[in-house]
Amino acid sequence: MYVKVFIKDIHLFMNTSPIDKLTIDAREFLIMRDDLIDPYLSGNKYRKLYTLLKTPSNKLSTIISYGGTQSNAMLAIAAMCKSKGWEFIYYTKPVGKSQKASLVGNYLNSINLGMKHIEVKHEFYRDFIASLFIKKDESTFIIDQGGAVKEAREGLEVLAKEIRELCLDVKAVATPSGTGTTALFLALALPEYRVYTTPCVGDVSYLKEQMLALSEIPKNLIILKPKKKYHFAKLYPEFLEIYKKTLKAGIEFDLLYAPAMWLSLQEQTKERVLYIHSGGVSGNESMLERYLLTRKR
Ligand SMILES: *Cc1c(COP(=O)(O)O)cnc(C)c1O
């Protein structure tokens, strides 16, 4: 089921993603369907990899990245490398045997797309990742964990231009944050809009720290603090509930980032909002399995 992977060529999209309406608890939201760009290379990962996607194939030979084994960024990079003919090396901390056997979704898809996975022992991991940057040659590009690179800016400027040209009846957009790269660069490129985000990995101060590593944080970027402390990739009944609610209303969102954003928007905002659908639904299969297992217990 996961094995069949079919990528011919990922085109640079000339079209703006469609806009849908979604009504949740009697409040109407606009949804920018960036999730429809490509099954593997979708949403903000497409936006963040835009500069690399535009790079001629012969300019690079190898892409290196590192992070978690279920990462959406990993899958997107794997898809990009497949279509570009670039080698993709992905470093992670050691993955246990039983854990490896149970890996589904993004990991298997990435392996099938040709990703070379290398595990690095915990005690060497930090130094090893740092050493990659020193050793790298001209034809190798290193993408920081989660795609948090300055090169991500251009793709988000393109998204901002598209939003502006749609002339929608909104003054606020929303996108959840992992590294914060998407929200930050979008806010910088859309100064006339309020950009709402919420941290899904760590707390508000950790998110700010991540953002500050890339640029100053503009005033129009509003970080909504979740009502409760959520840990990334953990299971929460209210996450599953809002996931089901949005699905029932007509659109599937991811289970890692979107739920926290939806909850914060519902609790802390009132105005009309354009929600940028950043894809990531390919990871839902494994998340839903986990939700099912905890219910059985
Ligand atoms: C990666 C991802 C994010 C987080 O993006 P950052 O730029 O790292 O903040 C949000 N939503 C989805 C669906 C993602 O896949």
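Results, tabulated for the structure shown:
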read-out: Selection within the range 197-212 - among the hydroxyl-bearing types (Ser, Thr, Tyr) and part of a loop (DSSP other than H, G, I, E, B); value: Thr198
read-out: Residue within the range 86-98 that is part of a helix (DSSP H, G or I) and either in contact with a Gly (Cβ under 7 Å, 6 or more places away or on another chain) or farther than 30 Å from Thr269 by Cβ (or both) present; value: yes
read-out: Every pair of residues 6+ apart whose Cβ atoms lie under 7 Å, when the first sits in the range 122-139 and is loosely packed, with under 10 Cβ neighbours inside 10 Å while the second is among the basic types (Lys, Arg); value: His122/Lys93
read-out: Residues located in the range 243-262, provided they are away from the ligand (no atom under 14 Å from the Cβ) and touching a residue at least 24 places away in the same chain (Cβ under 8 Å); value: Lys245, Ala249, Gly250
read-out: Tally of residues being in contact (Cβ under 8 Å) with a residue 12 or more places away in the chain and either surrounded by fewer than 16 Cβ atoms within 10 Å (Cβ to Cβ) or not assigned by TED's automatic domain parsing to the domain that holds Ser139 (or both) across the range 56-86; value: 4
read-out: Qualifying positions in the range 277-297 - surrounded by 12 or more Cβ atoms within 10 Å (Cβ to Cβ) and polar (S, T, N, Q); value: Ser278, Ser282, Asn284, Ser286
read-out: Sole residue being of a type outside the set (Ser, Thr, Tyr), more than 13 Å from Ile24 (Cα to Cα) and at pLDDT below 95, chosen from Ala233, Ala258; value: Ala233
read-out: Qualifying strands (runs of 3 or more DSSP E) (wholly inside the range 99-196; at least 2 residues being modelled with pLDDT of 95 or more, touching a Phe, Trp or Tyr at 6+ places or on another chain (Cβ under 6 Å) and within 16 Å of the ligand (Cβ to nearest atom)); value: 172-174
read-out: Residue in the range 254-263 that is of a type in the set (Phe, Trp, Tyr) and either under 24 Å from Gln70 (Cβ atoms) or assigned to a helix (DSSP H, G or I) (or both) present; value: yes
read-out: Members of the range 54-82 that are at pLDDT 95 or above, hydroxyl-bearing (Ser, Thr, Tyr) and under 17 Å from Tyr40 (Cα atoms); value: Ser65
read-out: Hits in the range 40-85 (condition: more than 10 Å from the ligand (Cβ to nearest atom), of a type in the set (Gly, Ala, Ser) and in a helix (DSSP H, G or I)); value: Ser57, Ala78, Ala79, Ser83
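For (1) at pLDDT below 95; (2) of a type outside the set (S, T, N, Q); (3) more than 28 Å from Glu192 (Cβ to Cβ); (4) not assigned by TED's automatic domain parsing to the domain that holds Asn72, each residue gets a yes or a no:
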{"site": "Gln210", "(1), (2), (3), (4)": "no, no, no, yes"}
{"site": "Asn220", "(1), (2), (3), (4)": "no, no, no, yes"}
{"site": "Lys225", "(1), (2), (3), (4)": "no, yes, no, yes"}
{"site": "Leu247", "(1), (2), (3), (4)": "no, yes, yes, yes"}
{"site": "Phe253", "(1), (2), (3), (4)": "no, yes, no, yes"}
{"site": "Arg272", "(1), (2), (3), (4)": "no, yes, no, yes"}
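The values are calculated or read from the model by the stated rules, or taken from the named source; none is laboratory data. As the structure is a prediction and not an experimental result, all values here were calculated from the model. Note: ideal-geometry Cβ built from the backbone for every residue, glycine included; neighbour counts use all protein chains shown.
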